[in-house]
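Input: a single structure, listed below in structure tokens.
Values quoted throughout were computed directly from the atomic coordinates according to the rules given, and no laboratory measurement underlies them. Worth saying up front: this structure is predicted, and the values here are computed from it rather than measured. Here Cβ is always computed from backbone atoms with ideal geometry, including for glycine, and neighbour counts include all displayed protein chains.
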Protein chains: 2
Amino acid sequence: MNFKSFSKQFKLTNNQLFSEYFDLFTDSIAIKNKKIAVRKLKIIISATFKLSASQSFASMSLRQLSEETHISMGGLYAYIKNKQHLSLTLQRFLNHYGQKVLSQTDGGLENIIRTHVYLSEILQPWFFFAFMESKNLTKPMKQYAIKSELLTEAYLVTAIEKGQIQGKYKKTLSAQVAASHIKPLLHDWYLKRWKYRQRKINIDDFCQSMLIFINDGLKCSKHN
Amino acid sequence: MNFKSFSKQFKLTNNQLFSEYFDLFTDSIAIKNKKIAVRKLKIIISATFKLSASQSFASMSLRQLSEETHISMGGLYAYIKNKQHLSLTLQRFLNHYGQKVLSQTDGGLENIIRTHVYLSEILQPWFFFAFMESKNLTKPMKQYAIKSELLTEAYLVTAIEKGQIQGKYKKTLSAQVAASHIKPLLHDWYLKRWKYRQRKINIDDFCQSMLIFINDGLKCSKHN
DNA sequence: GTCTATAGCCGGATAGAC
DNA sequence: GTCTATCCGGCTATAGAC
């Protein structure tokens, strides 16, 4: 698997994405014409990510959002319930989507890792937003987010345990501990996206070097 | 080196820390009695970290800060120039301090890694704040922060290159790439502090497992 | 050195015209 | 479906009493 084949398989076009968002949150969207709604939601949510990334969601004002999207204040409220609820839907949608995609992996460690990185590339603004704004969540939403995060970690743990039983991976580190060291490596791709862009490291090279690092570490075999 | 010996060596008591902060930013502090100022600065900055961590610095209001510190709005302005400048001093102080401590390592990879983790433990709220609020920085400050981050990475690169020349580390991965995979592991300790606390993983165990992971990876030697 | 009071601006949200 | 106008509460910052 590489990024190209992953993209082909999932066909995550923007339209499909926001169409699914519309279906999930119709209750909080006053506009009932789906075609119009999807087009505007795309604009509003993209602008939200842009502004949140350069300030923070909390300090972004709806007046700024209105200016950035060229939609009036009143107009915005036809697409969102209120400011807090907008943030909530973004968090929920990513959790929903992430679990859906991850559950389709074949359970191998490399497969899970690549799937996570590739998905976080396509949904980079969503992942970045969710990570950065997670602290602002209300208690019930925080619990929901933690549950979702643990689920992702559980995929890694299961894959490592499987490898350990097969004798592919050693048992020096518990699968749990190993998984908790792998997760931050995955996060780096969407948290420090600018760094990798600047250094002209493409996504498949990133996966490759990360997998080597995870598998082999740094030490020479002769020192084992 | 372990956490205890590191702590002894650096004696980073809160008083010393805020005393150094006071000296660095006297210009923006109206109160000239150092003893009083240091005591209050400690209260103000701790409260700033607490509130920023649960919301964000931008959305924290000075009214909240006033309530949390039991210092009136007017009173606060005797210790800070304004809200934005407060954030700036926090960023600057950590960069200043971090580089000071890192420059005293012996240049070995394990030493640099342990120093970073131990320092980020003692200054956890500072590190967390700097990471989370880095996007809000003005352009010149952002450049300063990036410079500081690259410097930290440079310490890792140099150590790995040294190990590669000595034949201790293999050359499958460039030192630069390896370093960029190690950094997010270090960040995890202060970004997800709650997770490690919950799982009752202490700081020396964390360093130990991370060093094993970095050195050896997951794979069994027989599969090499 | 610390407080209260207030200036002046900006925030989220909604009503109602078109 | 989109806009303008407006409510009103909260914000940073400062002036001036003690």
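Quick rundown of the values:
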| read-out | value |
| --- | --- |
| At R0 = 45 Å, FRET efficiency that the Cβ-Cβ distance of A:Ala30 and A:Arg193 yields, to 0.05 | 0.85 |
| Radius of gyration and maximum dimension Dmax of region A:93-192, Cα, Å | 13.9, 43 |
| R0 of 30 Å, Cβ-Cβ distance A:Arg63-B:Arg39: FRET efficiency to nearest 0.05 | 0.15 |
| In nm, spacing of pseudo-spin labels at A:Ser54 and A:Glu153 (7 Å Cα→C-beta vector) | 3.5 |
| Relative contact order (percent, whole number), chain B, Cα cutoff 8 Å, 6+ residue spacing | 19 |
| Principal-axis tilt of helix A:175-191 within chain A, Cα atoms, nearest 10 degrees | 50 |
| Distant-in-sequence amide H partners of B:Tyr79 (H built 1.01 Å from N, under 5 Å) | B:Ala30 |
| Peptide B:205-213 - average C-beta neighbours from other chains (10 Å radius) | 4 |
| Kirkwood Rh in Å, taken over region A:13-128 so that all alpha-carbon pairs contribute | 15.1 |
| Distance between modelled label sites at A:Gln124 and A:Ser72, nm, 7 Å Cα→Cβ extension | 3.6 |
| Translational diffusion of the protein assembly as shown, µm² s⁻¹ [Kirkwood Rh, Cα pairs; Stokes-Einstein; 37 °C; 0.692 mPa s] | 138 |
| Tilt relative to chain A, helix A:203-216 - C-alpha long axis, 0 to 90 degrees, to 10 | 40 |
| Helix-derived mean residue ellipticity, 222 nm - over the protein assembly as shown, DSSP H n ≥ 4, -39500 (n - 2.57), to 500 | -23000 deg cm²/dmol |
| Helix axis angle, B:14-24 relative to chain B longest principal axis, alpha carbon, degrees | 70 |
| Pairwise label distance in nanometres, A:Thr13 with B:Gln84, each label 7 Å out on the Cα-Cβ vector | 4.4 |
| Sequence ranges B:213-220, B:32-39, ranked by mean other-Cβ count within 10 angstrom, highest first | B:213-220, B:32-39 |
| Reciprocal mean inverse distance between Cα atoms of region A:10-81 - Kirkwood radius, Å | 12.6 |
| Ellipsoid equivalent to chain B - semi-axes via the Cα gyration tensor, in Å | 37, 17, 17 |
